[in-house]
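As structure tokens, the structure follows; a few thoughts come after it.
The values are calculated or read from the model by the stated rules, or taken from the named source; none is laboratory data. Remember, it's a predicted structure, so these values are computed and weren't measured experimentally. Counting neighbours? That spans all protein chains shown, and the Cβs are built from the backbone with ideal geometry, glycine included. These area figures cover heavy atoms from the full protein model, side chains too; ligands, DNA and RNA do not enter into them. Shrake-Rupley method; radii C 1.70, N 1.55, O 1.52, S 1.80 Å.
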Amino acid sequence: MASAAETARQAERADVRSRWLLSTPALLIILVAAIGPLFVMLAYSFMVKGDYGDVKFGQFSLDGWFSVFFSRDIFDDTVGLADAHLSIFWRSVKLSLITTLLTLGLGFPTAYFIATRPASTREVWVFLITIPFWTNLLIRTFAMQEVIRNEGILNTLMMWLGLIDRPVQLMYTDVAILFGMVYVYLPLMVLPLYASMEKLDFRLVEAGYDLYATRLRVLWRIIIPLVRPGIVAGSILVFIPSLGAYVTPRVLGGGKNMMLGNLIELQFGAGRNWPLGAALSITLMAIVMLALLVYVRNAARSGAQHV
């Protein structure tokens, strides 16, 4: 018996070693292509900025991290809050949250509609939802620009209907950025929601109606708890890219309504302050990680309460 047990343990150890060996190439790729650049950014954030946009290796400094939230007056060297950075942080988080809520509000009924169609036509509706992914993000953003500019489709239609007398200035505002991000990221909300709703047992919905529950109560007590994984997944897929969006704020915001992605690009470009850009990048990643932890933990707690 002891010999058989020892043989089983040796076979198990050999199996574990072979799995690690087979996983080594993938782990090396992850280390070099994903984790490696993060360590480079982290190292840059603790260095002294160079004279021509690089960093001075071997010289330690906390100026990059200090400049994320604080600034020094150029005349008397007094320390104050970096109002411009804080304003961009707030705009980024605000627009990302609103984008997530709007895509959820639009994507939930869309996914429910697709999930309640006959099985033979669902693939067609999903196909239509995925069509925007065939087009480059930049092209889609320029297409939205043609919709909301002063002589665009939206203003022309509202003037033709008599709702307005002159074009409404939407371009180069936070509203324009919001329009663009909702349009770009809406499919990322619809698809996870549809994947959850497709597995929904609609007999439970019918049972709720049979027990004289209102539509709102059925939605809140039956449908939403059952499709909560799709809501969480869709919200994550929308919030993360929205927070680090670069193309949409650059095109629709006109360069003056910047978000975090634009601020980071500015530091590595015209600003020539790589340590600050690296510190902002790590800060953005930390905000995303914190938001994910809070959101997922609250969603899991709410799901447990419903159960």
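Comparison of P167, P187 shows that the only residue that is buried (at least 16 other Cβ atoms within 10 Å of the Cβ), part of a loop (DSSP other than H, G, I, E, B) and at negative phi is P167.
For the stretch 27-78, a tally of residues being aromatic (F, W, Y), under 19 Å from M285 (Cα atoms) and in a loop (DSSP other than H, G, I, E, B) returns 1.
Looking only at the stretch 298-307, decide whether some residue is of a type in the set (A, V, I, L, M), not in a helix (DSSP H, G or I) and not assigned by TED's automatic domain parsing to the domain that holds M181. Yes, the stretch 298-307 contains a residue that is of a type in the set (A, V, I, L, M), not in a helix (DSSP H, G or I) and not assigned by TED's automatic domain parsing to the domain that holds M181. I'd like to verify a number: residues in the stretch 153-208 that are within 23 Å of W220 (Cα to Cα) and acidic (D, E), how many? Counting residues in the stretch 153-208 that are within 23 Å of W220 (Cα to Cα) and acidic (D, E) gives 3.
Do we find a residue being among the aliphatic types (A, V, I, L, M), open to solvent by less than 90 Å² (accessible area, probe 1.4 Å) and within 21 Å of the chain's Cα centre (by Cα) anywhere in the stretch 110-126? Within the stretch 110-126 (the criterion being among the aliphatic types (A, V, I, L, M), open to solvent by less than 90 Å² (accessible area, probe 1.4 Å) and within 21 Å of the chain's Cα centre (by Cα)), the answer is yes, since at least one residue qualifies. Would you check if there is a residue in the stretch 135-149 being more than 26 Å from S92 (Cβ to Cβ), out of contact with any helix residue (DSSP H, G or I) (no Cβ under 6 Å at 6 or more places or on another chain), without any contact (Cβ under 8 Å) to a residue 12 or more places away in the chain and hydroxyl-bearing (S, T, Y)? So far as the stretch 135-149 goes, no, none of its residues is more than 26 Å from S92 (Cβ to Cβ), out of contact with any helix residue (DSSP H, G or I) (no Cβ under 6 Å at 6 or more places or on another chain), without any contact (Cβ under 8 Å) to a residue 12 or more places away in the chain and hydroxyl-bearing (S, T, Y). Out of P275, P249, one residue alone is in contact with a Phe, Trp or Tyr (Cβ under 7 Å, 6 or more places away or on another chain) and outside any loop (DSSP other than H, G, I, E, B). It is P275.
Selection of the stretch 79-102 for residues being loosely packed, with under 15 Cβ neighbours inside 10 Å and part of a helix (DSSP H, G or I) yields D83, A84, L86, S87, W90, K94, L101.
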